[in-house]
Amino acid sequence: MKPKLRSRARGAALQILYQMDLGASEEEAFEHVMTHFGTPPLDNGYLRRLLDGVASRRDELSERLGAVNPEWRQDRQDVVDRNLLLLSAFELVEGTAPLKVVLAEAGLLAERYGSDRSSSFVRGTLGRLAEVLSG
């Protein structure tokens, strides 16, 4: 049951980060997502860890992602892709989930919320980041 709860936490975190990217405070975004999307049971502790981790390490995560994908500056990326990359990069850097899980979950979220090319872009970028981290 825990993997499903973590999957839901990732989805909620992505939606909250998206709202924040559009100008909402974290509190507003959290309330909006929880109220309007009827979020099912999820791992609240993991959701908080993801949000806090991305917030506290955003600059570092952005630098790491920029280093592995310099042709796509974050300001040129789709809002969904940018936030999904930050979220997944945090998981990779912190080691909170195995690489296969991070790539699979990121791909599914990209397919659900991103553009037609989001999944391959996100997986490719995260794959390069994983190579650098393991190197």
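Points worth noting:
- Backbone N within the stretch 35-65 under 18 Å of label point (7 Å from R73 Cα along the Cβ vector): 59-65
- Pairwise centroid distance, computed over Cα atoms, of the stretch 1-27 with the stretch 58-85, Å: 18
- Each Lys and Arg adds +1 at its Cβ and each Asp and Glu adds -1 at its Cβ; summed about the Cα centre, the chain shows a dipole of about 520 debye.
- By the helix-only formula, in which each DSSP H run with n ≥ 4 contributes -39500 (n - 2.57) and the sum is divided by residues, the chain has a 222 nm mean residue ellipticity of -26000 deg cm²/dmol.
Values in this text are rule-based calculations from the coordinates and carry no lab data. Predicted, not measured: the structure shown is a model, and the values here were computed from it. Positions of Cβ are backbone-derived with ideal geometry, glycine not excepted, and every protein chain shown enters the neighbour counts.
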